[in-house]
Amino acid sequence: MTRTMTILTDVKLITCIVQRGMSDIIVKAAREAGAQGATVTYAKGSGVRERLGLLGVAVEVDKEIITIVVSSQQMDAVFEHIYLAGQLDVPGMGFLYVTPLEKAATFIPNDVLDKIKP
Amino acid sequence: MPQDNTPAPSPNTAPVTSRQVSYNLLTPKIKRNIRGEIVPHRTPPVKLTFQDKYRLLKNYTLGRFLKPFRVILPLSLFLGSSQWLVLQHPPHGAGSLLLGSLIVSLGLMLLLEGVRTGMIPFGEIIGQALPQQFPLPLVTTILFLFGTGLTLFEPSWKPLLAAASRLPVATAPHVTYLANAKALWLEGVTGVAVGLALVFGNLRVIHAWNLKPVVIGSLALALVLTLVSWLMPNQEGIIELAWGIGRATSAPIAVSLILALGTGVFVSVTHGNRAGWGLGLIGLSALFATIGVLLLALAVAVTTPTQSIIAMARETVASTRAAQPASIVDAMDSALRATLPIVCCLAIFYLFVLKKNIRNPGMLLYGMALSILGLAVFNIGMGLGLSTAGVEMELWLATLSQPSAILSAPTPSGYLACILFAVPLAFGATLGEPGLNIFGSAVESLSNGVLKKKRLILLVASGAALGTAIGVISMLFALPFAWILLPACLLAMLLALLSSEERVALAWDSGGVTPGPMAIPLILSVGEGLGGALNGPGILALAALGSIITYLALGFWDRPIPGATGE
């Protein structure tokens with residue numbers, strides 16, 4: 001029996017890099033704005049911290065990278081919600097960007113697929 | 001130029017406006033020299049507005065303060081209100097209890113941050129550099145001295161000793177003798193035991209020996225010694241003291257350094273066995289200290305006749321002073337005593353060995369200063385609030401569990417009240433334990449976030465509550481400590497045998513850090529209030545064993561630990 005692969009189009013990847021321990025807030029915000037999943041990895045990074053002088057101690061070297069796949073329609077809402085929840089307008093709080101994705105695939109329940117069939 | 005991009009008309013206007021700026025306008029223009037090579041660009045410092053500075057610092061401090069505060073405040077409130085309930089009048093110094101919990105949280109914040117930025121990185125650097133730069137015999141000597149010194153200057157297990165030295169001679173001659181006439185020996189043996197544990201633990205990492213046989217072997221040795229000591233006459237309280245000291249040796253700063261040392265050594269040696277991340281040193285230290293004290297007590301019992309011990313104990317007891325509540329000077333003093341030798345030792349390392357390995361000395365110094373300050377603030381806060389409340393609690397707990405003026409006879413409801421009181425107390429105090437918080441963060445970052453700190457702390461705290469409950473029950477019914485301890489040890493041994501290498505390391509390490517400066521005074525007070533001063537230390541050991549057993553037992557239902565070899 002052949003298996004069917006559902007290929008998703010109109011997908012974007014939102015990546016958010018925040019200080020260690022902040023990922024819960026970001027993931028929660030992303031979910032609130034309709035994102036369906038998130039991956040968190042640990043990393044170290046540098047940026048504005050090195051340029052803050054003494055205040056640099058207030059920025060953590062250890063980071064978390066949150067990657068979230070969203071639909072192109074959701075993108076702006078999720079992006080905005082993460083920005084606000086993560087207080088990315090405060091120095092050292094993090095960095096946020098979107099990458100276009102060619103395509104994506106994962107498990108999608110059949111009843112969900114049936115519903116969207118024309 | 002920046003151009004305003006008024007948001008596209010959307011059904012609900014967003015609470016934020018946006019504008020677009022080309023990143024090209026923000027990045028520096030690269031210069032080339034005559035040969036066409038790029039001249040390295042130096043990023044200028046960022047100038048922050050006052051508001052930005054404020055928001056940056058607010059984010060930095062507020063979260064770090066609130067986290068411990070959310071644990072400490074309920075604990076203080078619980079302690080105060082149960083005191084109110086029992087004594088029927090508001091507790092003395094309710095205000096200082098609240099102020100104390102504020103200060104304790106502040107101290108915890110500073111301590112945890114200092115350890116994270118200073119002590120742990122430094123320990124890791126030393127651990128990494130030692131095996132690479134020195135021959136093995138020298139490494140072991142340094143490790144031994146390091147562990148011994150660390151323990152000798154550690155003030156956190158002194159209350160235990162002080163309590164033991166104040167015991168009545170008639171009930172526990174050997175304990176009073178050890179704690180008074182042989183106090184130096186007792187400290188020395190504990191120090192040497194921790195030093196040996198560090199050497200052994202690190203050799204284990206370097207040579208990739210497994211941890212499980214070591215833990216199980218030393219546990220078996222401790223068990224046999226306990227049994228012997230239990231069966232010998234006049235040894236009342238020795239078991240409790242030995243197991244209690246074993247639990248109390250590793251306090252926050254020592255924990256962080258030992259932990260970092262182990263993981264540092266682990267990183268520097270590359271061999272096939274990657275299990276356990278170099279953990280296990282803290283658990284081994286605790287076990288070795290217990291064995292050391294048991295051996296010392298046995299040696300004293302064998303060599304010195306009981307009559308002369310009693311006589312000598314009588315002489316020395318009178319000269320020891322009673323425990324005093326910590327003043328600010330005391331707190332600063334004990335914090336400095338705990339850290340200064342370590343810092344000096346680290347400074348020597350730094351100057352003579354590691355200068356080239358350290359990239360950011362400013363940050364490390366900041367962290368170390370912060371940990372000393374944090375420990376001092378923490379001690380002040382404990383002295384102001386929780387410890388003092390603990391001492392009062394000791395008194396009213398005694399009235400609750402024993403026939404007294406208030407309650408004519410020990411009633412079942414009085415027993416129940418004691419247990420209902422001790423369980424949340426042990427749970428809450430363990431949640432706020434600085435050493436456990438440090439350990440939890442370290443494990444979370446070692447496991448790349450798979451083993452969550454919150455989960456580890458919750459598990460350990462529940463275990464500690466369970467152990468304390470069992471300890472309280474055993475005291476209320478006046479069961480011999482060994483009846484509880486020996487089966488608990490056997491169970492822990494069995495579980496260790498069945499568990500994976502990593503889980504054993506995690507369990508014994510978290511058991512080694514659990515009753516620390518936060519929980520020791522409180523749990524000790526519960527024990528002394530209910531069972532008399534003789535039984536105080538025993539309940540600490542049971543709390544720790546409870547954590548170990550709970551962690552190991554629940555491990556069978558848990559996901560395997562990443563990188564595990566045996567699962």
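Residue check, A:K12 against (1) assigned to a strand (DSSP E or B); (2) closer than 19 Å to B:K452 by Cα; (3) of a type outside the set (G, A, S), all met but one. Which one?
The single condition A:K12 does not satisfy is (2).
Looking at the range A:12-31, which of its residues are touching a residue at least 12 places away in the same chain (Cβ under 8 Å), out of contact with any Asp or Glu (no Cβ under 6 Å at 6 or more places or on another chain) and within 14 Å of chain B (Cβ to nearest Cβ)?
Taking the range A:12-31 first, the residues touching a residue at least 12 places away in the same chain (Cβ under 8 Å) are A:12-23, A:25-30.
Next cut, out of contact with any Asp or Glu (no Cβ under 6 Å at 6 or more places or on another chain) only: A:12-17, A:21-22, A:25-30.
Within the range A:12-31, A:G21, A:M22, A:I25, A:I26, A:V27, A:A29 qualify.
If I ask for residues that are basic (K, R) and under 18 Å from B:A496 (Cβ atoms), which ones from the range B:170-224 would you list?
B:R204, B:K212
Could you list, in sequence order, all residues of the range B:47-62 that are more than 7 Å from chain A (Cβ to nearest Cβ) and hydroxyl-bearing (S, T, Y)?
B:T49, B:Y54, B:T61
Please find, among B:T141, B:T43, the residue that is within 11 Å of chain A (Cβ to nearest Cβ) and not small (G, A, S).
B:T43
Inspect all residues belonging to the range B:308-318 and state whether any of them is under 28 Å from B:N202 (Cβ atoms) and at pLDDT below 75.
Here is the first cut: in the range B:308-318, the ones under 28 Å from B:N202 (Cβ atoms) are none.
No, there is no match, as no residue in the range B:308-318 is under 28 Å from B:N202 (Cβ atoms) and at pLDDT below 75.
So, of the residues in the range A:49-60 that are surrounded by fewer than 19 Cβ atoms within 10 Å (Cβ to Cβ) and out of contact with any helix residue (DSSP H, G or I) (no Cβ under 7 Å at 6 or more places or on another chain), which turns out to be farthest from the other protein chains (Cβ to nearest Cβ)?
Going through the qualifying residues, I end up with A:L54.
On the basis of being within 11 Å of another protein chain (Cβ to nearest Cβ), at pLDDT 90 or above and not in a helix (DSSP H, G or I), does A:V90 make the cut?
yes
Out of all the residues in the range B:418-434, is one or more without any contact (Cβ under 8 Å) to a residue 40 or more places away in the chain, of a type outside the set (F, W, Y) and more than 14 Å from chain A (Cβ to nearest Cβ)?
There is at least one residue in the range B:418-434 that is without any contact (Cβ under 8 Å) to a residue 40 or more places away in the chain, of a type outside the set (F, W, Y) and more than 14 Å from chain A (Cβ to nearest Cβ).
Which one is nearest to B:E444 (Cα to Cα) among residues in the range B:460-515 that are outside any loop (DSSP other than H, G, I, E, B) and of a type in the set (F, W, Y)?
In this case the residue turns out to be B:W508.
Confirm whether A:I108 is more than 11 Å from chain B (Cβ to nearest Cβ) and in a strand (DSSP E or B). Write out each step before concluding.
On the way: more than 11 Å from chain B (Cβ to nearest Cβ): yes; in a strand (DSSP E or B): no.
Answer is no for this residue.
Just to be sure, is B:T6 assigned to a loop (DSSP other than H, G, I, E, B), modelled with pLDDT under 85, closer than 28 Å to A:M75 by Cβ and touching a Ser or Thr at 6+ places or on another chain (Cβ under 8 Å)?
Values: assigned to a loop (DSSP other than H, G, I, E, B): yes; modelled with pLDDT under 85: yes; closer than 28 Å to A:M75 by Cβ: yes; touching a Ser or Thr at 6+ places or on another chain (Cβ under 8 Å): yes.
In short, yes.
So that you can scan it fast, the table gives a plain yes or no per residue for (1) among the small types (G, A, S); (2) within 14 Å of chain B (Cβ to nearest Cβ); (3) more than 27 Å from B:P15 (Cα to Cα):
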| position | (1), (2), (3) |
| --- | --- |
| A:R3 | no, no, yes |
| A:K44 | no, yes, yes |
| A:F95 | no, yes, no |
| A:V98 | no, yes, no |
| A:E102 | no, no, yes |
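Name the pairs whose Cβ atoms lie under 6 Å apart, with the first residue in the range B:75-96 and of a type in the set (G, A, S), the second at pLDDT 80 or above, and 6 or more positions between them or separate chains?
Sorted first by the residue in the range B:75-96, then by its partner, the pairs are B:S76/B:L97; B:S76/B:S101; B:G80/B:L97; B:S82/B:F421; B:A94/B:G80.
Of all residues in the range A:93-105, which are buried (at least 17 other Cβ atoms within 10 Å of the Cβ) and in a loop (DSSP other than H, G, I, E, B)?
A:M93
Among the residues of the range B:26-52, which ones are in contact with a Pro (Cβ under 8 Å, 6 or more places away or on another chain) and either of a type in the set (S, T, Y) or not in a loop (DSSP other than H, G, I, E, B) (or both)?
Listed by number, the residues that qualify are B:T43, B:D52.
Quick check: is even one residue across the range A:53-60 closer than 30 Å to B:V46 by Cβ, under 17 Å from the mean Cα position of the chain (by Cα) and not in a loop (DSSP other than H, G, I, E, B)?
no
Report yes if some residue within the range B:14-37 is touching an Asp or Glu at 6+ places or on another chain (Cβ under 7 Å), crowded, with 18+ Cβ neighbours inside 10 Å and either within 23 Å of B:M382 (Cβ to Cβ) or at pLDDT below 85 (or both); otherwise report no. Explain how you work it out, then say what you get.
To start, the set of residues in the range B:14-37 that are touching an Asp or Glu at 6+ places or on another chain (Cβ under 7 Å) comprises B:14, B:16, B:19.
Narrowing the set further to residues that are crowded, with 18+ Cβ neighbours inside 10 Å leaves none.
Looking for residues that are touching an Asp or Glu at 6+ places or on another chain (Cβ under 7 Å), crowded, with 18+ Cβ neighbours inside 10 Å and either within 23 Å of B:M382 (Cβ to Cβ) or at pLDDT below 85 (or both), one finds none in the range B:14-37, hence no.
Test B:S156 against the stated conditions and say whether it is assigned to a helix (DSSP H, G or I), modelled with pLDDT under 80 and buried (at least 24 other Cβ atoms within 10 Å of the Cβ).
The answer is yes for B:S156.
Can you spot a residue in the range B:136-148 that is at pLDDT below 80, out of contact with any Asp or Glu (no Cβ under 8 Å at 6 or more places or on another chain) and closer than 30 Å to B:L524 by Cβ? Break it down into steps so the answer makes sense when it comes.
Of the residues in the range B:136-148, the ones at pLDDT below 80 are none.
For the range B:136-148, residues at pLDDT below 80, out of contact with any Asp or Glu (no Cβ under 8 Å at 6 or more places or on another chain) and closer than 30 Å to B:L524 by Cβ: absent.
Which of the residues belonging to the range A:66-86 are crowded, with 18+ Cβ neighbours inside 10 Å and not in a helix (DSSP H, G or I)?
Matches in the range A:66-86: A:I66, A:I68, A:V69, A:V70, A:Q74, A:G86.
May I ask you to list pairs of residues, at least six apart or on different chains, whose Cβ atoms are under 8 Å apart, with the first in the range B:536-559 being small (G, A, S) and the second being not in a helix (DSSP H, G or I)?
B:A543/B:T514; B:A543/B:P515; B:A544/B:T514; B:A544/B:P515; B:S547/B:T514; B:G555/B:S499; B:G555/B:S500
The values are calculated or read from the model by the stated rules, or taken from the named source; none is laboratory data. Small disclaimer: the values here were computed from a predicted structure and weren't measured. Because the Cβ atoms are built from the backbone with ideal geometry, glycine has one as well, and the counts that use them run over all protein chains shown.
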